[in-house]
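Asker: Can you keep this structure in mind? I'll have questions shortly.
The values are calculated or read from the model by the stated rules, or taken from the named source; none is laboratory data. Keep in mind it's a predicted model, so treat the numbers as computed, not measured. Cβ placement follows ideal geometry from the backbone for every residue including glycine, while neighbour counts extend to all protein chains displayed. These area figures cover heavy atoms from the full protein model, side chains too; ligands, DNA and RNA do not enter into them. Shrake-Rupley method; radii C 1.70, N 1.55, O 1.52, S 1.80 Å.
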Number of protein chains: 2
Amino acid sequence: MALKIEMLRAFCTVAQTGNLSEAANRLGRTQSAVSMTLKQMEDHLGKRLFEGERKNQLSPLGEQVFELAQKQVRQFDQTLQSIEMAAEAAHGLLRIVSVPSVAALVFPSVLEHMTARHPGLKVELRDTDTQQVLDALAEGKADIGIASGHHPLNGVKAVPLFEDRFGLVCSTDHPLFTREQPPAIADVINACFVRNALCDLIRNERFVEASSTADVTIHNTHSLITMVRTGKWVTVLPQTVARFMPETTAFRPIADLPDKRAVYLYQRERSRFAALTEECCAFIQSCDLSGEPG
Amino acid sequence: MALKIEMLRAFCTVAQTGNLSEAANRLGRTQSAVSMTLKQMEDHLGKRLFEGERKNQLSPLGEQVFELAQKQVRQFDQTLQSIEMAAEAAHGLLRIVSVPSVAALVFPSVLEHMTARHPGLKVELRDTDTQQVLDALAEGKADIGIASGHHPLNGVKAVPLFEDRFGLVCSTDHPLFTREQPPAIADVINACFVRNALCDLIRNERFVEASSTADVTIHNTHSLITMVRTGKWVTVLPQTVARFMPETTAFRPIADLPDKRAVYLYQRERSRFAALTEECCAFIQSCDLSGEPG
DNA sequence: GGCCATGCTTCAATTTTTCTGAAGTTGCTT
DNA sequence: AAGCAACTTCAGAAAAATTGAAGCATGGCC
């Protein structure tokens, strides 16, 4: 018999638990049902997916299949959720995806503004990296996206939203912040510098070259904050992101790093509830999002 | 009952054909089976997916669901194919994804080299845009990727493969090619200039600004070739891409556009058949891919 | 209007698929 | 060697999918 999504799901659960009865439990089936499903799958592929007598050791093929199957199952579930959400939303549905830094800035007021004006409106907000924001738009999983940089996409309108200067982020008592003279790229890199994902948006040659020697890279924002709070480590971030750092951290422009990140608003052109999308985009653009006060 | 992948598939087929019996035909079922499946789906969602008596007009919700469902079905089928391919490949499997321009350059010799050395080896070659190359790597659907630019990815090693200077591509009898003095950006843009997807890789400010005024953009390579062959239109491409244009077209560097595109080789770190992947990457790197002769 | 064709739905019967509970292996532990 | 835990196998039961026949609208045509 052909492979089915439920077979993949069963396989993934067993691969994760390493144990049939626990997997059967989670799937709400009996052990024997799961056993037979797995057997069907192995028969279909003509190869074993597990090694040894027990189910706690994947074969090399199993490993590979697990990786593919898990992604597929997750995506399938997400699609179903999207479909069901779309069906439930009788009074309108807005699906907004944004990079985390702007999400924190924009989501609260958007949510308030739109729900107040449209009772019964469903809103779906999600934050991920630029990459996945663009994916979601391309795949029709979002109506509005906010991401760094300008990326032309079919059927999606892109407008610049705001710009955001990069600068030094460090503890308020760090020498590079307290001293009078503004810091330069070299000063920052020579301090205990932590690279982060947003640094990759900087095109400035001098910075790119200098930062490539950095030993530490942290992608998780929370860990990054923790590092900077120790007072020893410093990093480079756009100003609006720095806003969300705790009181004891400070932002300061870097003299020879005038680079800004350009944040774009993406708007799906042919969506159901196009009027809502339009209204929401207009509202987002009307917000003052610039990093610099005034 | 819950939504299943076969329901989505049935729905998509009906949405495409606009007609039950034709859809039933394609699905290898009877009309009534498809009708009932659709009914289940509508019952589950609590909304109609089609408007009117016939199945030839999607409702707004139907449109949205169609978009999501079709993507899902396609992806599911592709995953199954990947899984089955992985299972069949007893003697090894290499999955290579590349941007089209480099694919044409690299695939033939890679294929020859690897299959000669490894009888029974399965090789999967695919070409798409940079975006999807990276996706395939991230999702474990490819072992080796070739794409423009450096994009850090978890579990994937990236090494520069070669650089490729951008230049004017036009008919061999175009004034900008036949005249002695090399063309400048302004000359190119002021000719009948056709933008293309690869132009977006150029960071050069002067070019970016100038090209934004271009009226025509063509993404399909074949159409692009046709336009250039007319002798009237010109475009800008990396030199290795220009190699594959017909005899009657020529490549010429642009004086004030020294930009190159950097092509990177991406190698998945933990893959089954890691030794094969390693060997293949070594071979690709050993190829002479530079655009300039000598 | 009456007749017919088309496209779809509904229904009861049938086939296919999936699931279960019980019994049977296997290999490890004591 | 008895006990146990993890898994497989089996036959019957339950659930789901599919079918063919019958039925119901709609719209064209004489």
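Asker: One decimal, nm, shortest first: give the distances between the label point of B:Ser32 and those of the same position in the other copies, each label point 7 Å from Cα along Cα→Cβ.
Answerer: 3.4
Asker: Size of the dipole of the range A:145-271 about the Cα centre, Lys and Arg at +1 and Asp and Glu at -1 on the beta carbon, nothing else charged, in debye to 20?
Answerer: The dipole of the range A:145-271 has a size of about 420 debye.
Asker: In nm, what does the list of distances from B:Ala104 to its counterparts in the other copies look like, shortest first, when each label sits 7 Å along Cα to Cβ?
Answerer: 4.7
Asker: For peptide B:239-245, how many partner chain Cβ atoms fall within 10 Å of a residue's Cβ, on average?
Answerer: 0
Asker: Which of the GluC sites (Glu not before Pro) found in the range A:227-284 are in a DSSP loop and have at most 16 neighbouring Cβ atoms, other than their own, within 10 Å?
Answerer: A:Glu247, A:Glu269
Asker: Within the range A:93-183, what percent of beta bridges assigned by DSSP are antiparallel, to the nearest 5?
Answerer: Values: 1 of 10 bridges.
In the range A:93-183, DSSP labels about 10 percent of beta bridges as antiparallel.
Asker: Work out the charge dipole of chain A with +1 on the Cβ of Lys and Arg and -1 on the Cβ of Asp and Glu about the Cα centre, then indicate which of A:Ile144, A:Phe76, A:Gln239 is farthest towards its positive end.
Answerer: A:Phe76
Asker: Where a Cα-Cα gap under 25 Å defines reach, which lysines qualify for A:Lys157, not counting those fewer than 8 residues away within the same chain?
Answerer: Correct list for A:Lys157: A:Lys122, A:Lys141, A:Lys260, B:Lys71.
Asker: What full-extension length gain, to one decimal in nm, is calculated for A:Glu247 and A:His222 as 0.36 nm per residue of separation minus the Cα-Cα distance?
Answerer: Gain in length upon complete extension: 7.5 nm.
Asker: Could you tell me which of rounded, prolate or oblate describes chain A, using a ≥ b ≥ c as the square roots of the eigenvalues of the alpha-carbon gyration tensor, with rounded for a/c under 1.5 and, failing that, prolate when a/b is larger than b/c and oblate otherwise?
Answerer: Note, shape of chain A comes out oblate.
Asker: At 7 Å along the Cα-to-beta-carbon direction for both A:Thr30 and B:Val208, put a label point, then send me their distance in nm to one decimal.
Answerer: Calculated label separation equals 6.5 nm.
Asker: Let me ask something else. What FRET efficiency, computed as 1/(1 + (r/R0)^6) with R0 = 56 Å and r the Cβ-Cβ distance, is obtained for A:Arg48 and A:Ala116, rounded to the nearest 0.05?
Answerer: Calculated value: 0.45.
Asker: Continuing with this model, one more query. Checking the cross-link filter: which lysines have an alpha carbon closer than 18 Å to that of B:Lys39, excluding same-chain neighbours under 8 positions apart?
Answerer: Candidates past the 8-residue exclusion: B:Lys4, B:Lys47, B:Lys55.
Asker: Same structure again: In nm, what does the list of distances from A:Pro182 to its counterparts in the other copies look like, shortest first, when each label sits 7 Å along Cα to Cβ?
Answerer: Output for A:Pro182: 3.7 nm, nearest copy listed first.
Asker: If you don't mind, another one. Under the definition of partner shielding as Cβ atoms of other protein chains within 10 Å of a residue Cβ, what is the mean value for peptide A:64-77?
Answerer: The shielding value for this peptide is 5.
Asker: Principal axis lengths of the range B:165-259 from Cα atoms, whole Å, largest first?
Answerer: Cα extents, longest axis first: 32, 31, 23 Å.
Asker: What total accessible surface area, summed over both chains, is buried at the interface between chains B and A, computed with a 1.4 Å probe and given in Å² to the nearest 100?
Answerer: Counting protein atoms only, the buried area is about 3400 Å².
Asker: To check you understand DSSP bridge types, tell me what percent of the beta bridges within the range B:165-259 (both residues inside) are antiparallel, rounded to 5.
Answerer: The antiparallel fraction comes to roughly 60 percent.
Asker: Continuing with the same structure: If I histogram all Cα-Cα distances within the protein assembly as shown using bins 10 Å wide from 0, what percent of pairs lands in each bin?
Answerer: Using 10 Å bins, I get a P(r) of 3, 14, 20, 25, 23, 12, 3, 0, 0 for the protein assembly as shown.
Asker: Continuing with this model, one more query. What is the minimum Cβ-to-axis distance for chain B, in whole Å, where the axis maps B onto A, and to which residue does it belong?
Answerer: Here the nearest residue and distance are B:Ile5, 3.
Asker: Near A:Pro246, within a Cβ-to-Cβ distance under 14 Å, what is the net charge of the other residues, with Lys and Arg +1 and Asp and Glu -1?
Answerer: Spelling it out: positives minus negatives among the neighbours equals 0.
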